[in-house]
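The values are calculated or read from the model by the stated rules, or taken from the named source; none is laboratory data. In this text, all values refer to a predicted model and were calculated from it rather than measured experimentally. Heads up, the Cβs are rebuilt from the backbone with ideal geometry, glycines too, and the neighbour counts pull from every protein chain shown. Surface areas here come from the heavy atoms of the whole protein model, side chains and all, with no ligands, DNA or RNA. Shrake-Rupley method; radii C 1.70, N 1.55, O 1.52, S 1.80 Å.
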Amino acid sequence: MAARALGRVKAVLGPTNTGKTHLAIERMLAHGSGMIGLPLRLLAREVYDRAVKLKGAGQVALITGEEKIAPDTAKYFVCTVEAMPLDRIVEFVGIDEIQVAQDPDRGHIFADRILHARGHGETMLMGSDTMRPMLKRLLPDAEIIRRERLSSLAYAGVKKITKLPKRSAVVAFSAEEVYAIAELLRRHRGGAAVVMGALSPRTRNAQVALYQSGEVDFLVATDAIGMGLNMDVDHVAFASRRKFDGRRWRDLRADEIAQIAGRAGRFKTDGAFGETAECAPFDEETIERVEEHEFEAVDAITWRTATLRLESIAALIASLETPPAAPGLMRVRGADDEEALKIVGAEAEVADLVRSRRDVERLWEACQLPDFRKASTEEHARLVGQIALHLLSPKRRIPRAWIAREVEALDRSEGDLDVLQQRLAQVRTWTYVANRADWLDDLEEFRDRTRAIEDKLSDALHAALTQRFIDRRTSALLKGLKREDALLAGVSHEGEVTVEGHYVGRLDGLDFKPDPRALDLEGRAVRNAALRALRPEISRRLRAVAEARDEELELGRDGRIRILGPPASRQRKGSDAENPAGEDAGGPRSVGAPIARLEQGGSLLRPRVTLIGADTAPAPERDAARERLQFWLAGAVAHELGPLMALEAAWREGRLPAAARGLAFRLVENAGALDRAGQGVDELPPEARGALAQLGVRIGRHSIYMPALGRPQAARLAAILQHWALPDPHGALFLPRVGAPSANLERARTWAECAAAGYRPFGKFAVRFDRLERLAAALKRAKGEGRDTPLEPHLAKIIGRPARDLPRVLTALGYQCVHEPGVEGPSRWRLPAEAKPRPPRREPDGPFAALAELLPAKKRKGRKA
């Protein structure tokens, strides 16, 4: 190209936002053909898209190390600097960001293009004004034009990340720091887009589109945004001023700070820059130099000879180490390709295959494979060595099976951000390989395959970044909260709450349940926005509760009160064990969400209720709803547990004989049932027995209970109230199915828990009180002439238990097993007569003499003094 270069060389220099790249694109497209070299694949794709819109896809080519779109009719070539096809003769050649020539890794490529790449009609070099002295030294005949920034750039000072102005870009220098800042912005400001040099163009463009559209107001990026990427940024905040340049950590130079900060302000809109997070403050001199765009001139650029000796590996290495002859040029040292050549070329297996000039050239091509994975030098050299062995083999091609296996292993879109980025970096390696026409036989197939996988991974990475760092809902809510009157909210029939079109949670009854994914500020924004919008709906529901009819309310097994909808053909929703509102609800009705719950540690006969939700509603509305539920529950207790309430009232009011009052008190305390043993029932006078019987108390053979409380509705209500009256209720409610003579106990239950449901516990199971009395009656009938009863298996059916459980029940009831020596056959069981207590010995002057006189006459008869 240099031999045919007849056009003039023009250098357009200046700070960011001077329109240099825009001018170069215009000049290129004004010629009949042209080529432009750009520093980033991302930027190359952006310029390519612009050129296609102006000239059409058939006239524009895109050539990067990983992507090649080159129609035969192409006249304009948009490339990364490394991928420029220098053997093409074009009228215009442009090189952007020429100050990269001082970079220790890539600088020698830029230096080579500055010195040798020429257009037949015009050559334009664009970059920082710091390159002016170097260009005058290397290209004394070049025309140098300075362009001034179209807008001002001013220092704005330190700002907290959570206080940054909208349309800010936060710059960090590691993926970990980028992610941490983006996460913080998501929690406090609704989210941020993420831009890093390692992203594919597809992912980067999708992320930038989120920012450019205003869906999020913040961008977190590495210094990749300093290389000409055009975005509407008003403020650039540095989260750090130290970067790793591939060899060491160092402070940013003033010109590097200006290159990044210069992304703030576009065209004639002024921009600002400053520090945030843990960034050390900029000194006054640096701030002034950035604002005035005055920096130290570049005094040396990296260089590598363009004349390579390919007779042998040693000759190639020696030529790469050739020192520069001109001042201002500094030989590149430690470049990835040169290091890979030294390691791979020293391997005997590779060296034995290098026999010709073409073999050396082939090996050098393999060593120039970019290290997209950012692996160690040794690891990267191993991959280069594998490729070199294939290229130097007799077939001179990479085997289809090998590369297919490597590529297919990457065709997975699951995983976290780090995994997806790692796969993208790996697939970029194979995309580069697939763009080398002389490396593969099935070039088009693998090019399409690697591109499809890269697109798939790019989309997955974009989705993962968006899901992790952007909350569209919270972003919309934060915007909507500033225009409260305009908030659009709604509640669906299923209770889903939306604000500004975004799902924010559910309204269950009176209780708003925010989306559990919302945290910190996001969660508060969701809750505040929703509650503000739901005030009318919650007030309406509270009025509905206050005006509800008795038949519309129901207490569920879970201790919660719900409003039943009208009879409907659809089945009940929700679940409360087998039936949330109870087995006896009476016909199919829709069940609403819980609106209140029983207070723990309350009383069986005087339960208290608490509203669920509606915390922000006006107190009068809440009080009216709660009082209505309290009144309804008191009525339900009076109706279903009336006999127990009557017994308690008789005890409190002194309407029971003195001998019966203690028994009545214990019955009330134990949910209306007692074990007869030890209660002194045989000592009760007839008037006490009669008074208890009139109140519904039955004194059975083994239990004292109230049969009326065994009705299904009464037992259900008593069981629920007794369970939730416990100080710390846990586990499932004990309430067997209606009519069950017995039930298994999955855990230990108190007497009151079982008694409330109408059952008596026996270890791992419980039996209904009335069935135990039927068993006692059957045993009495079967006793025959003696006092012993044979243990017949059919007796177990009375209590609904297997025959093996009958001995446990009888033992617990006080029966004793009798075995006759030498006699085989069923065991016999005996119920001893209850021992009668002996009265205290009477002494004429003893302290108990007066008490003995209180015994009935027939009890005193025949007793000695």
State which residue is nearest to residue 494 (Cα to Cα) when the search covers only the range 590-608 and only residues that are surrounded by 17 or more Cβ atoms within 10 Å (Cβ to Cβ) and touching a Ser or Thr at 6+ places or on another chain (Cβ under 7 Å). 596
Out of (1) out of contact with any helix residue (DSSP H, G or I) (no Cβ under 7 Å at 6 or more places or on another chain); (2) assigned to a helix (DSSP H, G or I); (3) at pLDDT below 70, what's the single condition that is false for residue 537? (3)
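For the range 543-583, how many residues meet the condition of being open to solvent by 50 Å² or more (accessible area, probe 1.4 Å), charged (D, E, K, R) and at pLDDT below 50? Spell out the reasoning first.
First pass over the range 543-583, keeping only residues open to solvent by 50 Å² or more (accessible area, probe 1.4 Å): 543, 547, 549-551, 560, 566-567, 569-575, 577-578, 583.
Those left that are additionally charged (D, E, K, R): 543, 547, 549-551, 560, 570, 572-573, 578, 583.
When the remaining residues are screened for being at pLDDT below 50, the result is 570, 572-573, 578, 583.
Summing the residues that are open to solvent by 50 Å² or more (accessible area, probe 1.4 Å), charged (D, E, K, R) and at pLDDT below 50 in the range 543-583 gives 5.
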Scan the range 637-648 for residues that are among the aliphatic types (A, V, I, L, M), crowded, with 18+ Cβ neighbours inside 10 Å and in a helix (DSSP H, G or I) and jot them down. 637, 644, 647
Cβ pairs under 8 Å, 6+ apart, first in the range 356-373 and within 23 Å of residue 431 (Cβ to Cβ) and without any contact (Cβ under 8 Å) to a residue 24 or more places away in the chain, second assigned to a loop (DSSP other than H, G, I, E, B) and open to solvent by 20 Å² or more (accessible area, probe 1.4 Å): none
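Residues of the range 374-384 being in a helix (DSSP H, G or I) and more than 14 Å from residue 429 (Cβ to Cβ), which ones? Talk me through it step by step, then tell me what you get.
Quick first cut of the range 374-384, residues in a helix (DSSP H, G or I) only: 377-384.
Of everything in the range 374-384, those that are in a helix (DSSP H, G or I) and more than 14 Å from residue 429 (Cβ to Cβ) turn out to be 377, 378.
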Tell me, please, whether a residue that is without any contact (Cβ under 8 Å) to a residue 40 or more places away in the chain and assigned to a loop (DSSP other than H, G, I, E, B) can be found in the range 326-344. no
Search result, residues across the range 609-618 that are over 11 Å from residue 541 (Cβ atoms) and buried (at least 18 other Cβ atoms within 10 Å of the Cβ): 609
Among the candidates 248, 149, which residue alone is closer than 30 Å to residue 8 by Cα and either in contact (Cβ under 8 Å) with a residue 24 or more places away in the chain or charged (D, E, K, R) (or both)? 149
For residue 95, are the conditions met, namely being over 44 Å from the mean Cα position of the chain (by Cα) and buried (at least 24 other Cβ atoms within 10 Å of the Cβ)? yes
Hits in the range 209-223 (condition: of a type in the set (A, V, I, L, M, F, W, C) and either open to solvent by less than 10 Å² (accessible area, probe 1.4 Å) or in contact with a His (Cβ under 7 Å, 6 or more places away or on another chain) (or both)): 216, 218, 219, 220, 221
What do you reckon, is residue 732 over 54 Å from the mean Cα position of the chain (by Cα), small (Gly, Ala, Ser) and at pLDDT below 90? no
Test residue 100 against the stated conditions and say whether it is touching a Pro at 6+ places or on another chain (Cβ under 6 Å) and open to solvent by 10 Å² or more (accessible area, probe 1.4 Å). yes
Among the numbered criteria (1) outside any loop (DSSP other than H, G, I, E, B); (2) open to solvent by less than 30 Å² (accessible area, probe 1.4 Å); (3) within 21 Å of residue 262 (Cα to Cα), which one does residue 151 miss? (1)
Across (1) outside any strand (DSSP E or B); (2) farther than 20 Å from residue 227 by Cα; (3) of a type in the set (Val, Ile, Thr), residue 9 clears everything bar (1)
Answer from 405, 428, 412 - the residue that is closer than 28 Å to residue 174 by Cβ, charged (D, E, K, R), open to solvent by 20 Å² or more (accessible area, probe 1.4 Å) and free of Cβ contacts under 8 Å to residues at least 24 places away in the same chain: 412
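Considering each residue of the range 790-830, count those that are part of a loop (DSSP other than H, G, I, E, B) and either of a type in the set (Phe, Trp, Tyr) or at pLDDT 70 or above (or both), and give that number.
Step one: filter the range 790-830 for residues part of a loop (DSSP other than H, G, I, E, B), giving 791-792, 800-802, 814-815, 819-827.
Those left that are additionally either of a type in the set (Phe, Trp, Tyr) or at pLDDT 70 or above (or both): 792, 800-802, 814-815, 819.
Residues that pass the stated criteria total 7.
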Being within 21 Å of residue 592 (Cβ to Cβ), open to solvent by 70 Å² or more (accessible area, probe 1.4 Å) and at pLDDT below 75 is the filter here, so list the residues in the range 466-502 that pass it. 493, 494
Any residue that is open to solvent by 40 Å² or more (accessible area, probe 1.4 Å), of a type in the set (Lys, Arg) and in contact (Cβ under 8 Å) with a residue 60 or more places away in the chain - is there at least one of those in the range 2-13? yes
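Here's the yes/no breakdown for (1) open to solvent by less than 30 Å² (accessible area, probe 1.4 Å); (2) closer than 30 Å to residue 190 by Cα:
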site: 74; (1), (2): yes, no
site: 83; (1), (2): yes, no
site: 104; (1), (2): no, no
site: 119; (1), (2): yes, no
site: 164; (1), (2): yes, yes
Checked the range 174-199 for anything touching a Ser or Thr at 6+ places or on another chain (Cβ under 6 Å), more than 21 Å from residue 40 (Cβ to Cβ) and either among the small types (Gly, Ala, Ser) or in a loop (DSSP other than H, G, I, E, B) (or both); matches are 190, 191
Out of all the residues in the range 22-37, which are open to solvent by less than 10 Å² (accessible area, probe 1.4 Å) and either modelled with pLDDT under 95 or in a helix (DSSP H, G or I) (or both)? 24, 25, 28
If you check residue 152 against the conditions, is it among the polar types (S, T, N, Q), farther than 30 Å from residue 329 by Cβ and within 32 Å of the chain's Cα centre (by Cα)? no
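Taking into account only those residues within the range 759-789 that are of a type in the set (Asp, Glu) and more than 18 Å from residue 673 (Cβ to Cβ), which is modelled with the highest pLDDT?
As a first pass, look at the range 759-789 and keep what is of a type in the set (Asp, Glu): 770, 773, 785, 788.
Next, only the ones that are more than 18 Å from residue 673 (Cβ to Cβ) stay: 785, 788.
Values: 785: 47, 788: 65.
Among those residues, the one meeting the criterion is 788.
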Go through the residues of the range 55-68 one by one and say whether even a single one is among the polar types (S, T, N, Q), out of contact with any Ser or Thr (no Cβ under 8 Å at 6 or more places or on another chain), outside any strand (DSSP E or B) and at pLDDT 95 or above. no
Any idea how many residues of the range 434-450 are in contact with a helix residue (DSSP H, G or I) (Cβ under 7 Å, 6 or more places away or on another chain) and in a helix (DSSP H, G or I)? 6
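Before we move on, is residue 621 surrounded by fewer than 20 Cβ atoms within 10 Å (Cβ to Cβ) and without any contact (Cβ under 8 Å) to a residue 60 or more places away in the chain?
Against the criterion (surrounded by fewer than 20 Cβ atoms within 10 Å (Cβ to Cβ) and without any contact (Cβ under 8 Å) to a residue 60 or more places away in the chain), residue 621 does not qualify.
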All but one of (1) more than 18 Å from residue 724 (Cα to Cα); (2) touching a residue at least 12 places away in the same chain (Cβ under 8 Å) hold for residue 653; which doesn't? (2)
